[in-house]
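To start, the structure under review is shown below, and the notes come after it.
The values are calculated or read from the model by the stated rules, or taken from the named source; none is laboratory data. All of these numbers come straight from a predicted model, not from anything done at the bench. Positions of Cβ are generated from backbone atoms using ideal geometry, with glycine treated the same way; all protein chains shown enter the neighbour counts.
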Amino acid sequence: MNTPELQRLKMAWLAARETGDTHAQFRLLQEHPEEQATLIDFIAGYYATEEIGLAENATLLPLTRRACQSALERVLSTQLVLANLGELRKSRNMSKVEVAKGLRLSVDVWNKFESGAIELMSLSERQLARLAQFFQISIEQFSGLLNTSQPTLSLNRRQTQQASHHEQQGPKKQTFAEAIARSTMSKEDKEFWRQ
């Protein structure tokens, strides 16, 4: 179980590691014998990820980045609190282009997801499963993030200044099928998502 005290110890060990203070690292283990086994597992996980070349400057494939993020979340026993699909994508250190390519969508369709323009009810269970699986989250989590992705509000420039204070416009909601039909996606990718 990851108690606040254990989380504090893990963060203290990481801080000592960053500064190269090996004495502080050993002192943490010695001064907390009840947490020693859990800390050793944490440290082993840290070094295992470092050993396979996951250093800060390494160029990682999107799949490797997601696997590393998942592993670190399991080791730290924390889940990132995400508000929307844009934050989910950023938490995976992925660009919109990488996500679109990985999902076989066009960037314009992925932008509609992030802006909250796709209606959740228009997605089939299978489509939701594909989207959630790509990010390695549950269908419920993906659905919740899609629901909280809000359309970006913009002012209609043709309105008078007074009217602009009262009425704002955002992207029009549309079904996933409509977004695909209007997209620049290939026929094969459109078929893939219609299945």
Handout entry: Qualifying helices (runs of 4 or more DSSP H) (wholly inside the range 77-121; at least 3 residues being at pLDDT below 90 and touching a helix residue (DSSP H, G or I) at 6+ places or on another chain (Cβ under 8 Å))
Key = 85-91
Exercise for the section: May I ask you to say which residue of Ala163, Ala129 is modelled with pLDDT under 85, among the hydrophobic types (A, V, I, L, M, F, W, C) and in a helix (DSSP H, G or I)? Expected result: Ala163
Exercise for the section: Return a yes/no flag: does the range 145-153 have any residue that is assigned by TED's automatic domain parsing to the domain that holds Lys101, modelled with pLDDT under 55 and closer than 26 Å to Met121 by Cβ. Expected result: yes
